Every structure is written in structure tokens, then in C-alpha cells.
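Below is one structure, written out as C-alpha cells, with a few remarks after it.
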Amino acid sequence: MANILHIDSSPRGDRSISRQLSYEFITSWKDTHPGDTVTYRDLGRNPVPHVDEPWIAAAFSSPESHTPELKSAIEVSNSLIDELLAADRLVFGVPMYNLNIPSTFKAYIDQIVRVGRTFTVDANGYKGLVDSSKKVLVITSRGGTYPPGTPYAAYDYQEPYLRAILGFIGLIDVTFIHAENLNTGDDAREKSLAEAKDAIAQAVANW
């Protein structure tokens, strides 16, 4: 049995493609893995706080020295990191906003990427502390398309950033499923959605 952490980051409801597709994956996965548990977090509707000065003070000081204010400032981060570390697999629904990720998901990343908890620094540089055997599935929705080897690839700051920051904390087994061309006409939209759903079916079978 595995514990899956499922996170959506779109503020949209039923019209959200990333929500629809992440839900489709989780539903199909549960059908074929009924013993697995799912922890769900909705960042789009229940965002986590942004990092602020008390958070920074708490993150870069010993817990034994924390005042009640600093304990409160770092409490959400501790909870999110504990939740992440307890999961065996991670499923993220992430729309592309302005070539990158939504601020809701960036706030989450800033809460979980923390020295001493999910990464460390030694004489050899940075080292991720999260178990590298954890699998990550990122399901995105995009208005256009950014194929590698084309001029458009330079505009994709979403997948490269997520691969970099997840790898930074140790998560290197990352699979992406992109629903693209959603704003380029009905035919292209339907073709891309069909391809994304096929990829989800394959992921349910092989992930």
C-alpha cells in the first residue's frame, strides 16, 4: 500500500483542465490500487501563506530558540514538509500561468524547500534530503505548446523549473503529462486532451 499526496493548484473549479486530469488519474489509480491512501491538498482554493520575515527567522535558527511567534510562523511549513515526507508518491495538478507556475504553487514550494529539512549544504554543495525513490507525476495544462528543439521551448519556464526545484530536494523521478494547445482552436484542444488522457491511462498502468 502506498500513500499518495495529491495537490491541485488551479483556482478554477470544474472548468480547470489540470484539476480534471489530476482527478481522472487519481480516480483511475484508486480503482486499480484500492489499498492506497490519498491525501489531498487544494492550493487553488486554500492557499498556503507566502514566506515572510518571521518565517525566515524561524527557518534559519534553532527550534530550541524559537519564540511563540517564530513557532507559529514555521508551523505551516513543518506540517507541509511532514506531509510530503510521509507520501510515497506525489501527484501535482499545475496549470501554466505566464510561462511558469501559479503563485499558489510557488508559495507551496517556498514552504517545503527548507534548509535542514528537505535540503542541506556541505563541502560538496547542495544535497536533497527527500527520499529519491519517491515518484512524482506532474499534470499540466497550457494554452500553447513548447516542444523541445523549437524556438517556443525557450518560453517554457514551467517544466524546467519544476524539474530543477524538485531535484534540488531529492525528487528526481519526475514524470510530466502536458495538456497543451488549449487556446489554439477546438481541433488542437481536443487532440491534446485525448493525448493527455491516453498518457494518464498509461501512467496508471505503469507508474
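Are any residues in the stretch 66-103 touching a Phe, Trp or Tyr at 6+ places or on another chain (Cβ under 8 Å), among the hydrophobic types (A, V, I, L, M, F, W, C) and within 15 Å of Leu162 (Cβ to Cβ), and if so, which ones?
Val91, Phe92, Val94, Leu99, Ile101
Go through Gly128, Gly116 for me and flag whichever is of a type in the set (Gly, Ala, Ser), open to solvent by less than 80 Å² (accessible area, probe 1.4 Å) and within 25 Å of Thr140 (Cβ to Cβ).
Gly128
Hey, could you check the stretch 77-92 for residues that are open to solvent by 50 Å² or more (accessible area, probe 1.4 Å) and part of a helix (DSSP H, G or I) and say which is farthest from Val204 (Cα to Cα)?
Ser79
Take the residues in the stretch 137-170 that are touching a Phe, Trp or Tyr at 6+ places or on another chain (Cβ under 7 Å) and under 16 Å from Ile81 (Cα atoms), then tell me which one is surrounded by the fewest Cβ atoms within 10 Å (Cβ to Cβ).
In this case the residue turns out to be Phe168.
Restricting the first residue to the stretch 9-22 and requiring it to be basic (Lys, Arg), which pairs with a second residue that is assigned to a loop (DSSP other than H, G, I, E, B) meet a Cβ separation below 8 Å and a spacing of at least six or different chains?
Taking only residues 6 or more apart or on different chains, the pairs are Arg12/Gly44; Arg19/Ser10; Arg19/Arg12; Arg19/Gly13; Arg19/Gly44.
List the number of the failed condition for Ala58; all other conditions in (1) open to solvent by less than 10 Å² (accessible area, probe 1.4 Å); (2) modelled with pLDDT under 95 hold.
The number of the failed condition is (2).
Quick one: Ile74 ticks every box in (1) over 23 Å from Val136 (Cα atoms); (2) out of contact with any Ser or Thr (no Cβ under 8 Å at 6 or more places or on another chain); (3) open to solvent by 20 Å² or more (accessible area, probe 1.4 Å) except a single one, so which number is it?
Of the numbered conditions (1) over 23 Å from Val136 (Cα atoms); (2) out of contact with any Ser or Thr (no Cβ under 8 Å at 6 or more places or on another chain); (3) open to solvent by 20 Å² or more (accessible area, probe 1.4 Å), the odd one out for Ile74 is (3).
Kindly indicate whether Gly44 is open to solvent by less than 30 Å² (accessible area, probe 1.4 Å), in a loop (DSSP other than H, G, I, E, B) and touching a strand residue (DSSP E or B) at 6+ places or on another chain (Cβ under 7 Å).
yes
Taking the stretch 125-162 as the search range and keeping residues that are aromatic (Phe, Trp, Tyr) and in a helix (DSSP H, G or I), which one is farthest from the chain's Cα centre (by Cα)?
So the first thing to find is which residues in the stretch 125-162 are aromatic (Phe, Trp, Tyr), and the list is 126, 146, 152, 155, 157, 161.
Restricting the remaining residues to those that are in a helix (DSSP H, G or I) gives 152, 155, 161.
Working: Tyr152: 23, Tyr155: 20, Tyr161: 11 Å.
Among those residues, the one meeting the criterion is Tyr152.
Do we find a residue being in contact with a Leu (Cβ under 8 Å, 6 or more places away or on another chain) and more than 20 Å from Lys106 (Cβ to Cβ) anywhere in the stretch 142-156? Can you show your working first?
Of the residues in the stretch 142-156, the ones in contact with a Leu (Cβ under 8 Å, 6 or more places away or on another chain) are 142-143, 155-156.
Still in the running and more than 20 Å from Lys106 (Cβ to Cβ): none.
No, the stretch 142-156 contains no residue that is in contact with a Leu (Cβ under 8 Å, 6 or more places away or on another chain) and more than 20 Å from Lys106 (Cβ to Cβ).
For Ala123, state whether it is more than 24 Å from Phe25 (Cα to Cα) and modelled with pLDDT of 95 or more.
Answer is no for this residue.
The values are calculated or read from the model by the stated rules, or taken from the named source; none is laboratory data. Computed from a predicted model, the values in this text were never measured in an experiment. Backbone-built Cβ (ideal geometry, glycine too); neighbour counts: all protein chains shown. Heavy atoms of the whole protein, side chains included, go into the accessibility calculation; ligands, DNA and RNA do not. Shrake-Rupley method; radii C 1.70, N 1.55, O 1.52, S 1.80 Å.
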